[in-house]
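*Asks:* I have a structure I would like to understand better, so I am pasting it below and will then ask my questions one at a time.
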Amino acid sequence: AVLTDYQTEFGQDEELYRLVKKLSDDQVFTTFSEAQQKAVSNMLRDFELAGVALNEAQKQDYSALKQDLSRLSNQFSENVLDATEGWTKHISDKGQLAGLPDSSLDLLASLAKGKELDGYLVTLDLPCYLPIMTYCENRALREEVYQAFVTRASDQGPHAGKWDNSPLIDEIMAKRQALSALLGFESHAERSLATKMAGSVDEVVSFLERLAEESFPVAEKELSELQEFARSHYGVETLEVWDVSFYSEKLRIQRYDVSQEELRPYFPASVVREGMFAIVQRLFGVEVVQRAEAETYHPDVAYYAITRDGEEIAGFYLDMYARERKRGGAWMADCRVRRIKEDGSLQLPVAFLVCNFTPPVDGRDSLLTHNEVTTLFHEFGHGLHHMLTRVDVADVSGINGVAWDVVELPSQFLENWCWEKEAIPLISKHFETGEALPASLLDKMLAAKNFQSGMQMLKQLEFALFDFILHRDFKSDETRVLELLEQVRDKVAVKKPPSYSRFSHAFSHIFAGGYSAGYYSYKWAEV
């Protein structure tokens, strides 16, 4: 609340705005560096987006809306966290978990042990949820876990109404639209694009719809092949959504003779981490050095310095593993930005790099799937964008001032090295034999790279279109969020989830993060 008040007051300071405007009109402006000029022009834009031109009553309305949105977003996030941690299932009979790889069984056993229980504890954290959906032969358990996961923080499911985000979604949307209208925008989507690369609301929607059009026939064919495979090989007449990951993995193995679990022993977390640092050293001429003496906020977290020619140029906290009360997902955030301070000294950039991989159990190294390897590279790509900047002006240093729909480019770019034959020996070493990933396995992995890419594309487009159209069209007391989601699914989903699904209620990216009317950025940057 204090930060929100400060930011609003700063953004609406007319005297400060006039000084910046005067500076931008002055002859001295032409002597500024490109970075300084960009920082000034961004500042003027941000003053206007903060309502500096509003009258006093409107400024108070703006301030109240910003406070409400900050509170509501925090509450949304808390509800998702509480709902995720609020559901567990204790299983004594190992037979109920048939099909799960040893790495997952070890994790579930350690979670049970942590609660002083025998057997296994299933949770809704991704290191538990994804293996259950992908490998567990117990169809009823897959359905139960799926239902608990897709109804988190909603009016449905095992904890219906307990941490329900339904009213928060409506409130957040209403206040975002009110804020946008106050600033003279047609919608929150239009306001969002004021700081992005895309030129108009129509440009974004047509971009997403064209991608969907191109992908839909491919995804339909993939789903049809999967249904036929499940029917002919396993006698499954009706493929349910909680069956898709399970039979997809079986089809992948049959078609390419490779599975994520087969790859896992070759990617111990420590090997991947050090290999990634070696790749970055070759690409960018920098070294990554752990500073064991640095204080961190949790025993799992390590601090590293980045050096070039022996000189320290940046640092980052690496927080790789899932744990209780930790927000799910993976992200990079800036701790400090590179800038020249008032005394003329240089402040070095520092980043947070956060993932939620399966933690090490009983002192053994955590083994990553190749998907998790690409996640680590993705977040480190963001980190490098922030840390390798040569810009000394804070407002445009690192990821600052970069249009949100381009900010995913360095992250997705660095992922490419997870697939390079020259890079694989650096990031893979069998945890028992020390052998690098064999060429035969790599060839299979590369062959399977685009397996079901049509279905995956449509899933991302469903999220992006729902986000953008909701923020373009929302009207208080008229828009039914779930109905709009269904309309999007009618257009782009080849396999629709059951009516109880409440994906939107845990969509923190757009309701509690920075991706509102911006989730399209992943595909925009990729293209």
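*Asks:* Is it the case that the stretch 412-435 has a residue that's under 18 Å from the mean Cα position of the chain (by Cα), over 16 Å from Met276 (Cβ atoms), assigned to a helix (DSSP H, G or I) and not hydroxyl-bearing (Ser, Thr, Tyr)?
*Replies:* no
*Asks:* Still on this structure, please answer the following. Only residues that are out of contact with any Gly (no Cβ under 7 Å at 6 or more places or on another chain) and buried (at least 21 other Cβ atoms within 10 Å of the Cβ): list them for the stretch 188-197, please.
*Replies:* If the condition is that a residue be out of contact with any Gly (no Cβ under 7 Å at 6 or more places or on another chain) and buried (at least 21 other Cβ atoms within 10 Å of the Cβ), then His188, Ala189, Arg191, Leu193 are the ones that fit.
*Asks:* With respect to the numbered conditions (1) touching a residue at least 24 places away in the same chain (Cβ under 8 Å); (2) closer than 30 Å to Asp257 by Cα; (3) open to solvent by less than 20 Å² (accessible area, probe 1.4 Å), which one is the sole condition not fulfilled by Val488?
*Replies:* (2)
*Asks:* Name, by its number, the condition in (1) in contact with a helix residue (DSSP H, G or I) (Cβ under 6 Å, 6 or more places away or on another chain); (2) open to solvent by 40 Å² or more (accessible area, probe 1.4 Å) that does not hold for Leu100.
*Replies:* All conditions pass for Leu100, except number (2).
*Asks:* Taking only pairs six or more apart or across chains, which ones have beta-carbon atoms under 8 Å, a first residue in the stretch 290-311 that is closer than 17 Å to His386 by Cα, and a second residue that is open to solvent by less than 90 Å² (accessible area, probe 1.4 Å) and among the small types (Gly, Ala, Ser)?
*Replies:* Tyr303/Ala294; Tyr303/Gly315; Tyr304/Gly315; Ala305/Ala314; Ala305/Gly315; Ile306/Ala314; Ile306/Gly315; Arg308/Gly285
*Asks:* Return the total of residues in the stretch 312-327 being over 23 Å from the mean Cα position of the chain (by Cα), touching a residue at least 60 places away in the same chain (Cβ under 8 Å) and surrounded by fewer than 14 Cβ atoms within 10 Å (Cβ to Cβ).
*Replies:* The qualifying residues number 0.
*Asks:* Restricting attention to the stretch 1-31, and to residues there that are among the β-branched types (Val, Ile, Thr) and touching a helix residue (DSSP H, G or I) at 6+ places or on another chain (Cβ under 9 Å), which single residue is surrounded by the most Cβ atoms within 10 Å (Cβ to Cβ)? Even if it seems obvious, please write down each step before you answer.
*Replies:* First, the residues of the stretch 1-31 that are among the β-branched types (Val, Ile, Thr): 2, 4, 8, 20, 28, 30-31.
Pick out the ones that are also touching a helix residue (DSSP H, G or I) at 6+ places or on another chain (Cβ under 9 Å) and you get 4, 8, 20, 30.
Values: Thr4: 15, Thr8: 21, Val20: 19, Thr30: 7.
It comes out as Thr8.
*Asks:* Going by what's in this entry, would Ala64 be described as of a type in the set (Gly, Ala, Ser) and surrounded by fewer than 18 Cβ atoms within 10 Å (Cβ to Cβ)?
*Replies:* yes
*Asks:* Which residues, taken from the stretch 44-61, are surrounded by fewer than 14 Cβ atoms within 10 Å (Cβ to Cβ) and either aromatic (Phe, Trp, Tyr) or over 16 Å from Phe10 (Cα atoms) (or both)?
*Replies:* Hit for the stretch 44-61 is Ala57, nothing else.
*Asks:* Separate question: With the structure loaded, tell me whether Glu214 is open to solvent by 20 Å² or more (accessible area, probe 1.4 Å) and either within 27 Å of Tyr522 (Cα to Cα) or among the β-branched types (Val, Ile, Thr) (or both) or whether it fails that test. Before you say what the answer is, go through the steps one by one.
*Replies:* Numbers: open to solvent by 20 Å² or more (accessible area, probe 1.4 Å): yes; either within 27 Å of Tyr522 (Cα to Cα) or among the β-branched types (Val, Ile, Thr) (or both): yes.
Considered against the rule, which asks whether it is open to solvent by 20 Å² or more (accessible area, probe 1.4 Å) and either within 27 Å of Tyr522 (Cα to Cα) or among the β-branched types (Val, Ile, Thr) (or both), Glu214 comes out as yes.
*Asks:* Somewhere in the stretch 168-179, is a residue assigned to a helix (DSSP H, G or I), among the β-branched types (Val, Ile, Thr), open to solvent by less than 50 Å² (accessible area, probe 1.4 Å) and closer than 29 Å to Gly514 by Cβ? Break it down into steps so the answer makes sense when it comes.
*Replies:* If we filter the stretch 168-179 for residues that are assigned to a helix (DSSP H, G or I), which is where we start, we get 168-179.
Narrowing further to those that are among the β-branched types (Val, Ile, Thr): 169, 172.
Add one more test, that the residue is open to solvent by less than 50 Å² (accessible area, probe 1.4 Å), and what stays is 169, 172.
Still in the running and closer than 29 Å to Gly514 by Cβ: 169, 172.
Yes, the conditions are met somewhere in the stretch 168-179.
*Asks:* If you check Thr123 against the conditions, is it out of contact with any Pro (no Cβ under 7 Å at 6 or more places or on another chain), open to solvent by less than 50 Å² (accessible area, probe 1.4 Å) and either touching a residue at least 60 places away in the same chain (Cβ under 8 Å) or of a type in the set (Asp, Glu) (or both)?
*Replies:* Details: out of contact with any Pro (no Cβ under 7 Å at 6 or more places or on another chain): yes; open to solvent by less than 50 Å² (accessible area, probe 1.4 Å): yes; either touching a residue at least 60 places away in the same chain (Cβ under 8 Å) or of a type in the set (Asp, Glu) (or both): no.
No: the conditions fail for Thr123.
*Asks:* So, in the stretch 257-307, exactly how many residues are open to solvent by 50 Å² or more (accessible area, probe 1.4 Å), in a helix (DSSP H, G or I) and either over 19 Å from Leu426 (Cβ atoms) or aliphatic (A, V, I, L, M) (or both)?
*Replies:* Final tally of qualifying residues: 2.
*Asks:* Could you check how many residues of the stretch 129-160 are touching an Asp or Glu at 6+ places or on another chain (Cβ under 8 Å), at negative phi and assigned to a loop (DSSP other than H, G, I, E, B)?
*Replies:* The number of residues fulfilling the criteria is 2.
*Asks:* How many residues does the stretch 338-390 contain that are farther than 27 Å from Gln260 by Cα and among the β-branched types (Val, Ile, Thr)?
*Replies:* Total meeting the criteria: 3.
*Asks:* Continuing with the same structure: For the stretch 343-360, how many residues meet the condition of being open to solvent by 30 Å² or more (accessible area, probe 1.4 Å), within 16 Å of Ser397 (Cα to Cα) and either assigned to a loop (DSSP other than H, G, I, E, B) or among the charged types (D, E, K, R) (or both)?
*Replies:* Residues flagged as open to solvent by 30 Å² or more (accessible area, probe 1.4 Å), within 16 Å of Ser397 (Cα to Cα) and either assigned to a loop (DSSP other than H, G, I, E, B) or among the charged types (D, E, K, R) (or both) within the stretch 343-360 amount to 2.
*Asks:* Of all residues in the stretch 439-462, which are touching a Phe, Trp or Tyr at 6+ places or on another chain (Cβ under 8 Å), assigned to a helix (DSSP H, G or I) and open to solvent by 30 Å² or more (accessible area, probe 1.4 Å)?
*Replies:* Result: Lys444, Leu446, Ala447, Gln460.
*Asks:* Find all pairs meeting these conditions: Cβ atoms under 6 angstrom apart; at least six residues apart or on different chains; first residue within the stretch 249-271 and within 27 Å of Pro360 (Cα to Cα); second residue in a helix (DSSP H, G or I) and aliphatic (A, V, I, L, M).
*Replies:* Cβ pairs passing all conditions: Val258/Met445; Ser259/Ile253; Phe267/Val373.
The values are calculated or read from the model by the stated rules, or taken from the named source; none is laboratory data. The structure displayed is predicted, hence computed values, not measured ones. So basically every Cβ, Gly included, is an ideal-geometry build from the backbone, and we count neighbours across all protein chains shown. SASA here: full protein model, heavy atoms, side chains in, ligands and nucleic acids out. Shrake-Rupley method; radii C 1.70, N 1.55, O 1.52, S 1.80 Å.
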